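Reviewing the structure listed below.
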Amino acid sequence: MKTYFDERQRLHHPQREMHNGDWTAHVETHVRADSICAAIGPLDRPADYGMAPLLAVHDAAYLEFLKTAFAEWRAAGRPGEAIGYSWPVVRRRPLDLDRIEAKLGRFSYDAGTPIGEETWTSAYWAAQCAVAAAEDLHAGARRAFALCRPPGHHAGRDYLGGYCYLNNAAIAAEHLIRSGSRRVAVLDVDYHHGNGTQDIFYARGDVGFVSLHGDPRTEYPFFWGHADERGEGGGTGANLNLPLPRGTDAPRYLGALEQGCAEISRWEPDHLVVSFGADTFAEDPISNFAIRTPEFAAIGARIAALDLPTAVVMEGGYASEALGRNVATFLNGLGE
Ligand code: SP5
Ligand code: ZN
C-alpha cells in the first residue's frame, strides 16, 4: 500500500490552546508525524493536485482566509499565532467584515486551533496526501494511507476547529465521487466526533457517514455527534452516529463497530474512506477510551472484512510515542 506524507507537513507548529479555563501547551505537534514515519516509513511524497480538490469541499472565501490570515494578523500588529475570541453564534447574520478578529470568528468555532506562519503550507500538503490516496483507489488500488497532519475531520466547508483546517477525509471522498464513484462511505473511528465531515455531507445521499466516538454529552465537540443526527433531505438516513461512554474498551468498541460496518455494507458503497484516530488508545492524554495497542489490529481486521477499496486518512492520537505503533498495528490488521 502506498503511504503518503510531505515533509512540509512538519512545519505547522501550534503553540497553545484554551482548555478548561487556561492556556495549555498544544498537543497536535510534528512529533506525532515523526512517530508514524518511524514506525511505517519510508513514505511516498504526494503529487501536487492543486486547489481544485480543496475547492470541491471548502468555500473559496474560507480558503482565501486560511491562506492570508496569519499575514493579516501580523499586519494588525498582533503577537504570536492567530486565534479568535468572538464567535457570531448569538443572533448571527451574514456580514462581510474586514477586521482579522472578526474573520477568525466567522471562520472558526473554537480556541484550540491557532493559525501560524506555516499552517496553510502544512494543511495544504496534508490535503494533497488525501487526494493522492483517493487517486490510488480510483486507479484500482485496494489500500492507501494518507498521513494527514494537521488532521481534518473537525473542519467544515467554511470553518476550522479541533486542530483541523482542511477536511482531508471529505476531500478524499469528494475526489472519489468526482472521479466516478457512485457511493462513498466515510467511517470515522477517531475518539472525537467528526463534525466537519458530518456537516459537509449531511444532505448528501452519495456520501454516507458513520462515526464511533466519545459521547458528545460529555466529550468535545459537544454540539454534534448525537445519535439522533441522521442526515437531512437527500441525505436522510445516510448519517449514523454511535456515541460511546467514557471508559469504552475493545469488546464494547468492536460491538459498536459491528453495527457501523453492517450499516456500511447495506449501503453498498464503491469506496471507503476511514478517518483513523488513535486517540481511542487507553493512554491518550486527552481522551477516555481503553483500547490497547494490539487491539487496533482487530479494528483494522473488521474494517478489512467490509471488502472495500479503502483509503485511510490520519486524524488524531496524542500519545506521541505509542502513536506510530498504534497506526502500524491498525494498518497491519487492515491488510493489503
Ligand atoms: C483531530 C482531533 O482529535 N481533534 C481533537 C480536538 C480536541 N480538542 C479539545 C479537547 C481538549 C483537550 N485539550 C488538552 C490540552 C492539554 N494540554
Ligand atoms: Zn480526535
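Quick look at the numbers
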item	result
Test: residue 155 is among the hydrophobic types (A, V, I, L, M, F, W, C) and within 13 Å of ligand 2 (Cβ to nearest atom)	yes
Some residue of the stretch 40-48 being within 16 Å of ligand 1 (Cβ to nearest atom), within 27 Å of residue 140 (Cα to Cα) and modelled with pLDDT of 95 or more	no
Scan of the stretch 42-56 for residues that are part of a loop (DSSP other than H, G, I, E, B) and either without any contact (Cβ under 8 Å) to a residue 12 or more places away in the chain or touching an Asp or Glu at 6+ places or on another chain (Cβ under 7 Å) (or both), ordered by number	42, 45, 46, 50, 56
Residue ranges of strands (runs of 3 or more DSSP E) in the stretch 141-236 with at least 3 members more than 23 Å from residue 119 (Cβ to Cβ) and of a type in the set (A, V, I, L, M, F, W, C)	184-188, 207-214
Qualifying residue in the stretch 99-112 (condition: surrounded by 24 or more Cβ atoms within 10 Å (Cβ to Cβ) and among the β-branched types (Val, Ile, Thr))	no
Qualifying residues in the stretch 198-239 (those that are within 12 Å of ligand 2 (Cβ to nearest atom), under 16 Å from the mean Cα position of the chain (by Cα) and within 21 Å of residue 165 (Cα to Cα)) - the one surrounded by the fewest Cβ atoms within 10 Å (Cβ to Cβ)	221
Selection count, the stretch 310-336, where residues are within 16 Å of ligand 2 (Cβ to nearest atom) and in a helix (DSSP H, G or I)	6
Yes/no for residue 322 being among the aliphatic types (A, V, I, L, M), within 30 Å of residue 18 (Cα to Cα), modelled with pLDDT of 95 or more and surrounded by fewer than 23 Cβ atoms within 10 Å (Cβ to Cβ)	yes
Restricting the stretch 57-74 to residues that are closer than 15 Å to residue 108 by Cα and part of a loop (DSSP other than H, G, I, E, B), the residue that is nearest to the chain's Cα centre (by Cα)	58
Residue within the stretch 4-20 that is surrounded by 18 or more Cβ atoms within 10 Å (Cβ to Cβ), among the polar types (S, T, N, Q) and closer than 17 Å to residue 119 by Cβ present	yes
Scan of the stretch 141-182 for residues that are over 17 Å from the mean Cα position of the chain (by Cα) and free of Cβ contacts under 8 Å to residues at least 60 places away in the same chain, ordered by number	177, 179, 180
Residue satisfying condition, being at pLDDT 95 or above, crowded, with 24+ Cβ neighbours inside 10 Å and either within 16 Å of ligand 1 (Cβ to nearest atom) or not polar (S, T, N, Q) (or both), within set 79, 151	151
Scope the stretch 241-288; condition assigned to a loop (DSSP other than H, G, I, E, B), in contact with a strand residue (DSSP E or B) (Cβ under 7 Å, 6 or more places away or on another chain), within 16 Å of ligand 2 (Cβ to nearest atom) and touching a residue at least 60 places away in the same chain (Cβ under 8 Å); matching residues	280, 287, 288
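Okay, residues lined up against (1) touching a Lys or Arg at 6+ places or on another chain (Cβ under 9 Å); (2) surrounded by 24 or more Cβ atoms within 10 Å (Cβ to Cβ):
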{"position": "244", "(1), (2)": "yes, no"}
{"position": "249", "(1), (2)": "yes, no"}
{"position": "252", "(1), (2)": "no, no"}
{"position": "259", "(1), (2)": "no, no"}
{"position": "262", "(1), (2)": "no, no"}
{"position": "265", "(1), (2)": "no, no"}
{"position": "276", "(1), (2)": "no, yes"}
{"position": "286", "(1), (2)": "no, no"}
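Listed here are the residues, each with its yes/no results for (1) away from ligand 1 (no atom under 16 Å from the Cβ); (2) over 14 Å from residue 187 (Cβ atoms).
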| site | (1), (2) |
| --- | --- |
| 268 | yes, yes |
| 291 | no, yes |
| 302 | yes, no |
| 305 | yes, no |
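The values are calculated or read from the model by the stated rules, or taken from the named source; none is laboratory data. Because the structure is a prediction, the values reported are computed rather than measured. Reconstructed Cβ throughout: ideal geometry from the backbone, glycine too, with neighbour counts over all protein chains shown.
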